[in-house]
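What follows is calculated from the coordinates using simple rules that are stated; it is not laboratory data. Only a predicted model underlies this, so the values are computations on that prediction, with no experimental measurement involved. Every residue, glycine as well, gets a Cβ built from its backbone with ideal geometry; the counts of neighbours run over all protein chains shown.
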Amino acid sequence: MSRLRRIRAILGVAGSQFRYDPGRTALAVVGIAVAVLATTVLAGVGVGVLATGEAQFDAADRDLWVTGGPVQFQPGTVGGIENTLVDAHTVAAELNERDDVQTAVPMAFQSVYVSPDGEDFETYVGAGAPARGPSVTITEGQEFSSEDVHYANGSYDGPMTHEMVIDRQTANRFNVSVGDTLYAGGTIATARQHEFRIVGISPTYSRFLGTPTVTMHLSELQEVSGTTAADRATFITVDLQDGANPEAVKAELEAEYPDYEVRTNDEQIRAILGDQAVVIASAVSLLVLSVAGGLALTLNVLLSVIYQQRREFAVLRAIGWSPWTVVGTTTAWASLLGLTGSVLGVAAAIPVTAGLNHLITAVVGFDGLVRATPEVLAGGFALGVVVSLVGALGISVLVARYSSTSVPGR
C-alpha cells in the first residue's frame, strides 16, 4: 500500500507540474513536437528518395530492359543526348517475334525546344514513346490514334501524325489543353516546321522521368531531333509472356545481342541507383541527421525545462522526499511532456508532408517524394517518447543529488 501511495503521489506531483506553469509546459511540448516533426519529415525525405526510383521502375511493369550502354550527354548537339541503342525498331521487331515475349517497345528521350506560338521557346524533355495501351494513363483527351506509322519499315517516309501527349505541368505552363497545338523540335528552326496537336494529358512519362515531358511517336521524335539515320533509342522495354523466366530470357538475349546490355527490372534499378551515389548518400545522411537532430533537440528542451525547475526539485528533497521518489516524479513529468509533444509532432507531420509533396510535385514533378509511412510516423513518435523518458531519467538522477541544504537561491 505504501508503494501504491508513493506512485500516486509521484503521478499527482507530476500532473501538478504539468499544469502549474502552462506557458513553460506549452513551450516544452512545442519544442518536443518540433523535434518529432523535423525528425519525421527528414526521415520521410530520406526514405522517399531511396524508394522513388524503385517505385518508378515497378510502375513501368516491365520484365527486361535492353540498352546500348550508358546514355551519353552531348552539349551543343541537336537533342543534347546521344542515345546509345541503335536500330531500335528492328531490334524491337525481332524481340516481338519471340514466343516468350509479349511486347518489346523502343523508347527515346531527347531535349527539344517547345513553344505555343513558334516564337518563345523553352527546353523540355521529349519522349519518343507509345502514348497508348494499358501502361499509359490518360487523364484528359485520348491516347495516340494510331501506331508509329511514320517509321514505315525504316524509310521514315510515312505520314507524321503530329500528335502529342503532354503532362499537366506542361499544359499549365503554356496554358494549353486538349486540341491546342505546340511547336517542338531538336532545334528552333526545326521546331517552327513541326506543329503538334495535343490529343491527351498524361502523367505517365513525366512521373517516370521526374520532369515535365512532351510525348510523341518515337520516329517523329527521331525526325525532329535528327536521329533517324541510326534509329537511336534510349532503351527497349520488354514484357514477357506469363510463365517466362526473366533470367533465362535475359541470358538468351545477351547471347543473341552481345553488343547490348540486358537487365532485369531489379538490375536496372540497381544500375540507376549505382550511378546516383550522391543521391543515395544524401538520403542516408538525411536519415542519420533526422535521428541525431531529433535526439539533440529533444534533450535540449528537457535540459532547459528541468534546469529551470531545479529549485522545486531541491525543495522536495528538503522536505524529506527520497532521491528515487524525485527521480520518479521528474521522469513521469518529462514522459508526459514527451508523449504530448510526440502526438502533436506526428499529427503535424501528416499535413506538412502533404504540403511538401504538393510543392515538390509542382516544382520537379516527382509525386510522393516525402514518405510519411506508418513506420516513419511510428519512429518519430517513439523517438520523442523514448528520448524524453531516457533523457529525463538521466537528468533527474543529477537533480535528485540536491540535498535539503543546497536549494538554489537560499
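How much of the DSSP beta bridge set in the range 64-243 is antiparallel, as a percent to the nearest 5? Of those bridges, close to 80 percent are antiparallel. Amide H to amide H distances under 5 Å link Phe235 with Met107, where only residues 5 or more positions off or on other chains count and H is placed in the peptide plane. Between Asn175 and Ala229, residue separation times 0.36 nm minus the direct Cα-Cα distance comes to 15.9 nm. Going from the residue with the fewest nearby Cβ atoms within 10 Å to the one with the most, Thr39, Thr340 rank Thr340, Thr39.
Amide H to amide H distances under 5 Å link Gly118 with Tyr183, where only residues 5 or more positions off or on other chains count and H is placed in the peptide plane. For the range 89-103, backbone phi angles converted through the Karplus equation (6.51, -1.76, 1.60; θ = phi - 60°) give residue-by-residue couplings of 5, 5, 5, 4, 5, 5, 5, 5, 7, 6, 5, 8, 10, 8, 9 Hz, Gly and Pro being listed as x. Taking amide hydrogens as placed 1.01 Å from N in the peptide plane, the amide H of Val101 sits under 5 Å from those of Gln241, each at least 5 positions away in sequence or on another chain.
Just to confirm a number: summing +1 for Lys and Arg and -1 for Asp and Glu over residues other than Gly243 whose beta-carbon lies under 12 angstrom from that of Gly243, what do you get?
Every neighbour counted, the sum reads -4.
How large is log10 I(q)/I(0) at q = 0.08, 0.09, 0.12, 0.14 Å⁻¹ when the Debye formula is applied to the Cα atoms of the range 64-243, each weighted equally and without solvent? The Debye formula, applied to the Cα set alone, gives -0.22, -0.28, -0.51, -0.70. Distance from the C-alpha centroid of the range 173-246 to that of the range 329-358: 46 Å, rounded to the whole angstrom. The alpha carbon convex hull volume per residue for the range 138-255 rounds to 148 Å³.
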